[in-house]
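Quick notes on the structure that follows.
Derivation of every value follows stated rules applied to the coordinates shown; laboratory data play no part. Quantities reported herein were computed from a predicted structural model and do not represent experimental measurements. No Cβ is skipped: glycine too gets one built from the backbone with ideal geometry, and neighbour counts run over all protein chains shown.
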Amino acid sequence: MNKILTAQIILLLLTGLVSCKKDSSHGAPAALNIINAVIGSDQGITTDFGVNGTTTFIGRTRKVFYGQFSIYDNFFAFSPGTHHLKLWSFPDTTSHDKPLQEVSFTAKEGEMYSLYIIGEKAASELLWVTERYPGYAITDSTFSVNFINLSPGSNPVVVELAGQSQSLGTLAYKASTPYISFPAKSTSTDFVINFKDQATGNIIASKAFEGVGIMNENTWRRKSFTMIMVGSPSVPSGVFAQATMLITR
């Protein structure tokens, strides 16, 4: 009974604190997705939003893994204002190491951003994108995908719907397409998107979009996605070979 009473008191106190802060100057939070596309970061990249170099990295930070996306690991929310981020190549997170990348940024109220960590581990770069996602009516039976080439050293790639000759876009390194709409009606059929080498015409990597016509619990309908080509053309196989990565927005 004491534990229950204590929990109720804590809940009331928290509710009171929230009520007292309704007139706070902070508006809607900003959101940031951090995506690891760095060749050679096989053990992940550690995110540190601490204010000094003594942060206990394992216990207080998250790792973003190469070629993977999860809302639990890659999504961050902030109050509007200036923030400082250090990105460490795990396990190089001690005070004598230098971060892989370091950046200060100003988050605006309600804005959504993506931060792509790209390139080779020895010469990484940051690609910052302010996102503008498509809107959907409740009656829409569509979804949207944009495409990005984040494969360092690659030739320009052509994005094609398998079985059709029409290009959805040609992408140099770090280039992207606008969001492109695809049908997700009950009559819609599955399809495959190919990344093709513009110079040779060879298919480099592909992604199957399956279940787009499912009526109930459709995981595509009224959502936005980003399909990325990651990996290195100089790596013939394994983790860092050229492949696709899909991000759910």
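Given labels modelled 7 Å from the Cα in the Cβ direction, how far is it in nm from T189 to V129?
In this crude spin-label approximation the distance works out to 3.0 nm.
Of K121/K196; K185/K223; K63/K223; K174/K207; K98/K174; K86/K223, which pairs sit farther than 23 Å apart, going by alpha carbon to alpha carbon?
Going by Cα-Cα distance, K121/K196; K63/K223; K98/K174; K86/K223 fall outside the 23 Å limit.
With a cut-off of 19 Å, note down the residues of the range 114-132 whose backbone N falls inside the zone around a label point 7 Å from the Cα of H83 toward its beta carbon.
Taking a point 7 Å out along Cα→Cβ of H83, the residues of the range 114-132 whose backbone N falls under 19 Å are 114-118, 126-132.
At 4 °C and 1.567 mPa s, grab the translational diffusion coefficient of the range 70-146 from Stokes-Einstein with a Kirkwood Rh over Cα pairs, rounded to a whole number in µm² per second.
This corresponds to a translational diffusion coefficient of 85 µm²/s.
From the square roots a ≥ b ≥ c of the eigenvalues of the alpha-carbon gyration tensor of the range 136-249, which class results: rounded (a/c under 1.5), prolate (a/b over b/c), or oblate?
Taking the square roots of the gyration eigenvalues as a ≥ b ≥ c, the range 136-249 is prolate.
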